[in-house]
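Values quoted throughout were computed directly from the atomic coordinates according to the rules given, and no laboratory measurement underlies them. Note that the structure is a prediction, hence the values are computed from the model and not measured. Cβ placement follows ideal geometry from the backbone for every residue including glycine, while neighbour counts extend to all protein chains displayed.
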Amino acid sequence: PDIDRRTLRIEADVPDAEPNDRIEVTVMDGERTVATAVALPGVAAEAAMPADMKLWSPDSPFLYDLRVTLKSGKETVDEVKSYAAMCKFSTARDADGIVRLQLNNRDLFMFGPLDQGWWPDGLYTAPSDEALAFDVIKTKDLGYNMIRKHVKVEPARWYYHCDKLGMIVWQDMPSGDMSTGKWEPHRYGAGTDAARSEESFANYYKEWGEIMDFCGRHPSVVVWVPYNEAWGQYRAEEVADWTKRRDPSRLVNPASGGNYRDCGDMLDLHNYPEPKMYLYDAKRVNVLGEYGGIGLPVEGHLWSADKNWGYIEFKTREDVTDRYVTYAEKLMELVERGFSAAVYTQTTDVEGEVNGLVTYDREVVKVDVDRLHEVNRRLVRSLDL
C-alpha cells in the first residue's frame, strides 16, 4: 500500500506462466469493486485506489478483499482470494523536535504487552484457532493497540486475527546462538557482540529473511526486531541495514534492550519494574521495549506451586492494578519527554513466570479490566492532536 499516492501494488508469483498470460486484480469493498489492475506475470500490478479509500488502524481495521486471477486469453487459468489494507507506518518529528512513530501520517503512541505465546498443554502450540484469537481479543479488551511478539513466530492465523481485529505487531527474531557477548544496557554504544561463526550468521540471515517474507504479508506487522537484549547479537548495524533494505515499508528496532548501535529507527530501553528513561537518542524514535513484570500467583492456576516469580509481587488483584496504574501514570510523563511506544511484561503467565495479566491457563484475569482499559486508552491517545 501507498496511501500518499493512493495506490495498492500487488505482486503475483507465477513461475509457470505462458508468454501471453496476464494477471488481473480486483479490489473489493464488500460486493463493490473499488479498483482494478492488469499486469504481465512477473510484473507488479498497481491499482489506483479511490479518493475516499478506507485506511487501516487499530480503531478502524478495514480490510479490502482481493481477487487475483491468472488469465490466458479469455480463459481463467487460476484464481486466488486474499485481502489487503491501506496503511502507512513511518516516523516524523513533532512540534518539539521529538521523533515520533506515525500511523497514516499522524503521531501514534504504540502500547501493548510482551506476548510469548506459550500454552500449558502445548507449549509453543496453541490448542485451537479460538485460543489464538483469545489472546489478541483479551489484549484489545484491555485497551492496548500493539503486541510485541516475543522471540516467537506464530501461525498465519494469529496474524490474521491481528489484521482483522486491529492489533499492531512488533515481530521479534527468535534468539539464536549463545549470549557470549557482553551486555551493557545502560550505555550507548557499549557492550560486545556474541561470538558467531559465519555459518551461524548465514543461517541467521536465511531464517530472518524467511520470517520477514512470511509475516510481512500481514498489514498488522509494523516493526521488525532482529535482536533482543544482546542475545546472539552480531553486527547489528549490518543486520538493521539489511532488514530495512529488504522491507523499507516497515520500521526496524535493531536491538530491543541493547546493546545499542547507531542504526535502525529506534532506541529501545528495558527497565524493570517501573518505567525509566536513562538514555535518549535525538535522531531516532525512543521506546521502552520492556517494563513492568508485576507478579501475582493465583492458587489453583500455577504451573509450579513453589517455584514462581515476578519482577515485583503482590498478593491481591487490587494491589497489582494499583501498581500498574502508578507505572502507567509515570509512563505518561515520560511520553512527554520522548517515549513513543512502550511494552508491558506480559500478556500471560508462562510456566514459573507469574507476571502475566492473565493466568497461564487463561482462566483468570489478574487485573481490574475497566481500570486498565481506561489508563491504557489514555496512553495510546497521548499523542493525539
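The table below gives the values:
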| read-out | value |
| --- | --- |
| Whichever aspartates and glutamates have a C-alpha closer than 13 Å to that of K182, once near sequence neighbours (fewer than 8 apart) are set aside | D193, E229 |
| Charged-residue dipole, Cβ positions (Lys, Arg, Asp, Glu), the chain about Cα centre, Debye nearest 20 | 940 debye |
| Estimated inter-spin distance, W242 and S179, nm [label 7 Å along Cα→Cβ] | 2.2 nm |
| Computed Rg/Rh of segment 225-290, alpha carbon atoms with Kirkwood Rh | 0.96 |
| Gaussian network model of the chain, Cα within-10 Å springs - most flexible of Y234, Y291, Y144 | Y234 |
| The chain: angle of helix 369-380 to the longest principal axis, Cα-based, in degrees nearest 10 | 60 degrees |
| Cα-Cα P(r), segment 317-367, percent of pairs per 5 Å interval | 5, 19, 23, 20, 16, 11, 6, 1 |
| Computed over segment 197-327, the ratio Rg/Rh where both radii use C-alpha atoms and Rh is Kirkwood | 1.07 |
| Simple spin-label estimate for R106 and K54 in nanometres, 7 Å along Cα-Cβ | 1.7 nm |
| Global form of segment 1-63, assessed from the alpha-carbon gyration tensor, a/c cut-off 1.5 | prolate |
| Acute angle (nearest 10 degrees) that the helix 317-337 long axis makes with the longest principal axis of the chain, alpha-carbon atoms | 60 degrees |
| Value of Rg to Rh for the chain (Rh from inverse mean 1/r over Cα pairs, i.e. Kirkwood) | 0.99 |
| Pairs from K152/K276; K81/K206; K152/K283; K149/K330; K164/K244; K88/K164 whose Cα-Cα separation, in the structure shown, is over 20 Å | K152/K276; K81/K206; K152/K283; K149/K330; K164/K244 |
| Phi to ³J(HN,Hα) by Karplus 6.51 cos²θ - 1.76 cosθ + 1.60 over segment 16-25, Hz, x for Gly, Pro | 9, 5, 8, x, 9, 6, 8, 9, 10, 10 |
| Rg and Dmax [Cα atoms of segment 66-147; Å; Rg one decimal, Dmax integer] | 20.1, 58 |
| Estimated FRET transfer efficiency when R0 is 30 angstrom, pair D322-D384 (beta carbons, to 0.05) | 0.70 |
| I3/E336 FRET efficiency (R0 35 Å; Cβ-Cβ; nearest 0.05) | 0.80 |
| Mean ellipticity per residue at 222 nm, deg cm²/dmol - from DSSP H runs of n ≥ 4 across the chain, formula -39500 (n - 2.57) | -7000 deg cm²/dmol |
| Distance between modelled label sites at D213 and E75, nm, 7 Å Cα→Cβ extension | 3.0 nm |
| Principal axis box of segment 248-385, alpha-carbon based, largest edge first, Å | 48, 31, 28 |
| Angstrom value of the Kirkwood radius, inverse mean 1/r, which spans all Cα pairs in segment 143-222 | 14.6 Å |
| Cα centroid separation - segment 45-68 against segment 285-357, whole Å | 36 Å |
| Packing rank of 184-195, 298-309, where each peptide gets the mean count of other beta carbons within 10 Å, highest leading | 184-195, 298-309 |
| Three-way shape call for segment 133-290 based on the alpha-carbon gyration tensor, with the a/c threshold at 1.5 | oblate |
| Length released on extending from D121 to V38, taking residue separation times 0.36 nm less the Cα-Cα span | 25.1 nm |
| Angle in degrees between helix 156-165 and the longest Cα principal axis of the chain, rounded to the nearest 10 | 90 degrees |
| Estimated dipole of segment 74-157 in Debye, rounded to 20 [Cβ of Lys and Arg +1, of Asp and Glu -1, Cα centre] | 340 debye |
| Overall form of segment 1-130 per C-alpha gyration tensor (a/c, 1.5; a/b vs b/c) | oblate |
